[in-house]
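Colleague: For reference, the structure I am asking about is given below.
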Amino acid sequence: MATPYAGFMLLCAAVLTSPASAALKQASFLESQFLRPRSDVDVGSSEVLQKSYPILYKEDPNILHVTVMSSVHQLTLSVNHEKIVDVRTIAENITTNTVDFTPWDTSSGLYIMVLHPTSGRLMMKRVLMTQEFGSALELPTVLQSVTPGRILVMAVKNDASLNLSKKSRDFLTAMGVSSAIDLQFRQSLAWVGTVGGRVWAEATIQERRVKGSGQWSSPVTLEVDVPRLMNDVSCFNYSQNKERERASFCNKYEGYGQLCSCENPAPLQYRAPLLENSQIEDVPLIIIASNRPSYLYRSLVSVLRQAGGTLNRIHVMVDGHHQEVVDLLQLVQVSYTMHNATGVSRAARISDHYRLSLSTAFSLFPKAPKVILLEEDLLAAQDFFSFFNQTAWLLDEDPSLWCISAWNDLSSLHIAHDTRLLRRVETLPGLGWMVTREVAHELLLKWPSRYKEHDWDLWARSQEVMNGRECVVPDVGRTFHFGLSGTHSPGLLHVAFFAGRPVPALPYTELQNVHRLKMEEYEEDVIRRLEDDPLYLNTSLHPCHPDFIPRNTTGGRPVLLFIDMRTFIDYIAWKVFARCLGLWDLDTRASHRGLYNFFFYDTEVFVIGYPFSDYSYLKLPWVNVMEVKYISSLEKFNYVAPSHRFRFRRPEVEKMVQFWDVPKPRFDFR
């Protein structure tokens, strides 16, 4: 969902689907029958078995007999007594490791599975790791992407309630999951319904457990007979080759929303408008992908339908062979290359994937002077190519510039201000960026070994690689990160720093003073602004005090303050300051020669790292320097970041977006 406001379009991961399914039928009520536990050897004495009535499977081939089992260490789904999903972990998988996701973590949560209504074949399986903070934000997106008429199965392994918000529970309740509203910690649940149709059955156990004991509920098994759809006639036009391919694709896979819609199917080939005055016709866009095809489709649509998004410049680099990804790319006629990255860890393999992608890009496009890189879990703003078109020449004329990035780390909802404004920063922001062939070659020569543990983006941001060079970034980002869980962005980090970011709403924005982004001109403008009657902030208030920085009351004068910073990597004072004001606080990225420049609501702020910054000379004798005297005091800030999205709001924007007021799948309860 997107709503324009003062040149912005505010995106929320909870409502970004590709595009949403059509409105579904109204709900009514179904009384489900709970049967007492059976005593055969396959079902434990504490396990509840729920069956629909009558049991018809053996006598009636028109029935799909669905069995779902939900428990702490195993989740299974069977159709007509054939097991098609079997997820198991053992007690040894449980760990307190907080660095990497374990098999226990990645297999725990709310499972969303889709069955074909005729064959009973599994079309989609997703697990929302709802023990991970923020993962439930993706719930509406996943459910809205399912085609009406499909059989939807939901079940819990281990736990699904820990970070299941009230709005998520309300969402599930409205679509017929009656136990969602009071689902308890580590409680089992199994549910079966037809999208746009009825709820067939639901099973759970209401046990009285000691609060905080950490105990799991008993397992639950649900058996239900669902009428088989006997005449599965495709709505697509079989007289057209591509429509036959669409029908075949949509008959195999689920989770693509309007791509498989009968009422208003999405185009299979977008005819992107020409990019006016294009200077980047020979610059390809390389999309870095793995095995997240529904993510990839959404990212592709965002670039294919805008000016400059022609098929001849877009190429997807896929790590590994994944049939669904291949089928998708062939359907939408986007070129791709598959390779097998390797590495000693997941992060090292991702790094090798980037290395291979970057080297292959210039081989595939031998005349390309530059390349744009975009990850599969990013949506591009409508002026994505226009942004790069207006800035690409800077890389040719200013050797002090290293890249152009569509992402700004300091561009949260309460920070982003002007879609025309550009800045220089001393690190690589990534998440949609352009480099020249020469810089890419330099990177490839230095790239860390796949046999060495490392993160490619942290390495690329190092002073050794940047070598004093900078990147140009927009005040309002041109990409939106909707991947809610990944190697570099777990749910907690996503909610704190990525959710609810704005992007420009218009297909063209004339960028301001691009010619002043070259080093000498940029320095002149920064110094002029700093010396032109700023409002020195000399306060004893703690940065977390709500009145620390005035909002919208300075009459256009920028606020200037100083924080303790002794070296480039000294970010202790910045961490406290940034975390209190809802800014990126994990390192010192987004600075220029020790200077941070951003808007706090509508007040322009300059933060100078003293005495490291070249602008430290501006400190007056009577002006305080904010410093952290005791490192131990940082511990109490560890729980502040997750509240950023709740503490720093723009109600005038958010009330028009209505993050959670989205169409909900409906089920007939009769």
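Each reported figure results from applying straightforward, stated rules to the coordinates on display, with no laboratory input. Since this is a predicted model, take the numbers as computed values, not measurements. Here Cβ is always computed from backbone atoms with ideal geometry, including for glycine, and neighbour counts include all displayed protein chains.
Colleague: What do you get for Rg/Rh of the stretch 349-500 when both radii come from the Cα atoms and Rh is the Kirkwood radius?
Modeller: Result: Rg/Rh = 0.94.
Colleague: Separate question: Tell me which trypsin sites (Lys or Arg not before Pro) from the stretch 394-471 have a DSSP coil assignment and no more than 13 other beta carbons within 10 Å of their own.
Modeller: Lys452
Colleague: Test of understanding: ordering Cys471, Cys235, Cys544 by Cβ neighbours within 10 Å, fewest first, what list do you get?
Modeller: Cys235, Cys544, Cys471
Colleague: While we're looking at this one, here's another question. Report the full-extension gain for the segment Lys166 to Arg420: residue separation times 0.36 nm, less the Cα-Cα distance, to one decimal in nm.
Modeller: 87.6 nm
Colleague: State, to one decimal in nm, how far the label point of Glu531 lies from the label point of Glu442, with both points 7 Å from Cα in the Cβ direction.
Modeller: 3.0
Colleague: While we're looking at this one, here's another question. By how many nm would the segment from Ile84 to Ile572 grow when fully extended, if each residue of separation counts as 0.36 nm and the alpha-carbon distance is taken off?
Modeller: 170.6 nm
Colleague: While we're here: Mind ordering 141-147, 621-627, 155-161 by average Cβ neighbours within 10 Å, highest first?
Modeller: The densest-packed peptide leads the list: 155-161, 141-147, 621-627.
Colleague: While we're looking at this one, here's another question. When only C-alpha pairs under 8 Å and at least 6 residues apart count, what is the relative contact order of the stretch 285-514, in percent?
Modeller: 26
Colleague: Where does each of Ser234, Ser217 land when they are ranked from fewest to most other beta-carbon atoms within 10 angstrom?
Modeller: Ranked by crowding around the Cβ, least crowded first: Ser234, Ser217.
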